[in-house]
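The structure under discussion appears below in the form of structure tokens.
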Amino acid sequence: MNLSIYTDHLNNAIRFSSFAKMETETMFSGMGIKYVASGEEIYYVNGNKYAVKQGEYIIGNDFTSAFVKIDHHQAVQGLCIDVSTQIIDEVAGYHHLHGDDLKSFLLSEQFLVNKYQAKNTTLGYSLYEINKSIQNKSFDSLMLNEEVFYSLAESIIEDQRYIFNHLNKLNFTKENTNTEVFRLLLQAKNYIHDKLHQHVSLDELTVEIGMSKYHFIRLFKKVFGLSPYQYQKLQRVEYAKTLLHKGVNVAEVAIQLGYTDTASFSKSFKQVSGINPSDIKKQFSTIKI
């Protein structure tokens, strides 16, 4: 099933799909987004393979050549959203990076096609909300107008500004080397976010992306400003704060994050945040009252 939710004269579009099996070429128009709401879709894009699972998406443009394969025991549901070149061009006109026009990055062959976790991006939140409204059959008032595509364009640009800024920190002579190395660093970063419930070793990360340890540490710190270990500690503490704010007790948070005991968790938490996890609980209780 491929259901058209919205189309207009600018080639903006929102489509909802549900297939258990499918193999076909797929188009990216303007800035095209492929979001997986359930199951898994395999994309072959510009010579790279992406296994896009529930809560993940890829994004490309008119220069993106892609083939999608779905082979699942249950119907895989997803969104295909096209944000027109005209809207991207208009919104991007207000944003400039290091003197370069953002539009040349977004709408040309230079654009970095990659897989993203919706929970880690501004665009991802919008995709989640759009999918929820479709599932609840409450999308008419939300989406049947042009405004939603301007909002999506702003989210795309906000996320890609981050990508562009960090990509520019790499200075290999060949542009395609910068792109491929940065793609590997993003893969490692996403791997850390996937495994926040446990400590990920340097061996595990470098095996995941196929890079030497020293090279990986040096490039990760150059691009993201923290070593892989520092970044992982920071993200695990941020995740712990989220759980504590939800009312999960300190001992249970320690267990969920894979610590051997509450004391070691509290020590690590304080090293990063400067306060004890119990203080977060107190703050939450005060706000709640």
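Coordinate-derived values only; no laboratory data. Bear in mind the structure is a predicted one, so any value in this text is a computation, not a measurement. When we count neighbours, we look across all protein chains shown, and the Cβ atoms used for this are built from the backbone with ideal geometry, even at glycine.
In this structure the amide hydrogen of GLU56, modeled in the peptide plane, comes within under 5 Å of the amide hydrogens of VAL36, ALA118, none closer than 5 places in sequence on its chain.
Restricting the chymotrypsin sites (Phe, Trp or Tyr not before Pro) of region 160-209 to loop positions (DSSP other than H, G, I, E, B) with no more than 15 neighbouring Cβ atoms within 10 Å leaves PHE172.
For a quick check, take a GNM of the chain with Cα springs below 10 Å and name the residue from ASP203, ASP82, ASP62 with the largest mean-square fluctuation. Answer for the Gaussian network model of the chain: ASP203. Near ILE58, once Lys and Arg are set to +1 and Asp and Glu to -1 for all other residues with Cβ below 14 Å from its Cβ, the sum equals +1. Of all beta bridges that DSSP places with both ends in the chain, some 100 percent have antiparallel geometry. Neighbour counting of Cβ atoms within 10 Å sorts the residues MET22, MET1, MET31, fewest neighbours leading, into MET1, MET22, MET31.
For the chain, the spread of Cα positions along the three principal axes, ordered from largest to smallest, is 59, 51, 43 Å. Partner aspartates and glutamates whose Cα lies under 14 Å from the Cα of LYS270, excluding those fewer than 8 positions away in the same chain, are identified as GLU238, ASP279. Ranking SER29, ILE59, GLN230 by Cα position along the charge dipole of the chain, where only Lys, Arg, Asp and Glu carry charges on their C-beta atoms, puts GLN230 farthest toward the positive end. Going from the residue with the fewest nearby Cβ atoms within 10 Å to the one with the most, HIS197, HIS9 rank HIS9, HIS197. LEU196 sits among other residues whose Cβ lies under 13 Å from its own Cβ, and their net charge, with Lys and Arg +1 and Asp and Glu -1, is +4.
Set against the 2.2 N^0.38 Å expectation for a compact globular protein, region 152-289 has a Cα radius of gyration ratio of 1.23. Per-residue 3J(HN,Hα) values for region 2-7, derived from phi via the Karplus relation 6.51 cos²θ - 1.76 cosθ + 1.60 with θ = phi - 60°, read 10, 9, 7, 8, 7, 9 Hz in sequence order (x marks Gly and Pro). Taking amide H as placed 1.01 Å from N in the peptide plane, the amide H of LEU10 sits under 5 Å from none that are at least 5 places away or on another chain. Beyond a 20 Å Cα-Cα separation, which of these cross-linked pairs lie in this structure: LYS103/LYS189; LYS34/LYS69; LYS49/LYS189; LYS119/LYS222; LYS132/LYS189; LYS189/LYS221? The pairs that break the limit, which is 20 Å between Cα atoms, are LYS103/LYS189; LYS119/LYS222; LYS132/LYS189. Here the chain is treated with +1 on each Lys and Arg Cβ and -1 on each Asp and Glu Cβ, and its dipole about the Cα centre works out to around 1480 debye. If a/c stays under 1.5 just call it rounded; otherwise compare a/b with b/c (prolate if a/b is bigger, oblate if not). Do that for region 2-168, with a ≥ b ≥ c from the square roots of the Cα gyration tensor eigenvalues. Cα axes put region 2-168 in the oblate bin. In this structure, GLU109 and SER151 have a Cβ-Cβ separation that, at R0 = 41 Å, corresponds to a calculated FRET efficiency of about 0.95. A simple charge model with +1 on the Cβ of Lys and Arg, -1 on the Cβ of Asp and Glu and nothing else charged puts the dipole of region 150-217 at about 200 debye relative to its Cα centre.
Find out how many positive minus negative residues lie around LYS21, taking Lys and Arg as positive, Asp and Glu as negative, among other residues whose Cβ is under 12 Å from that of LYS21. Neighbourhood net charge equals -2. Derived scalar couplings between HN and Hα for region 229-246 equal 5, 5, 5, 5, 4, 4, 5, 5, 5, 4, 5, 4, 4, 4, 5, 5, 5, 7 Hz in order, rounded to whole Hz, by the Karplus curve 6.51 cos²θ - 1.76 cosθ + 1.60 (θ = phi - 60°), x for Gly and Pro.
Using the Karplus relation 6.51 cos²θ - 1.76 cosθ + 1.60 with θ = phi - 60°, the per-residue 3J(HN,Hα) values for region 65-80 come to 9, 9, 10, 10, 10, 10, 8, 9, 6, 10, 4, 8, 10, x, 10, 10 Hz, with x marking Gly and Pro. Using only side-chain charges placed at the Cβ, +1 for Lys and Arg and -1 for Asp and Glu, the dipole size of region 1-115 relative to its Cα centre rounds to 420 debye.
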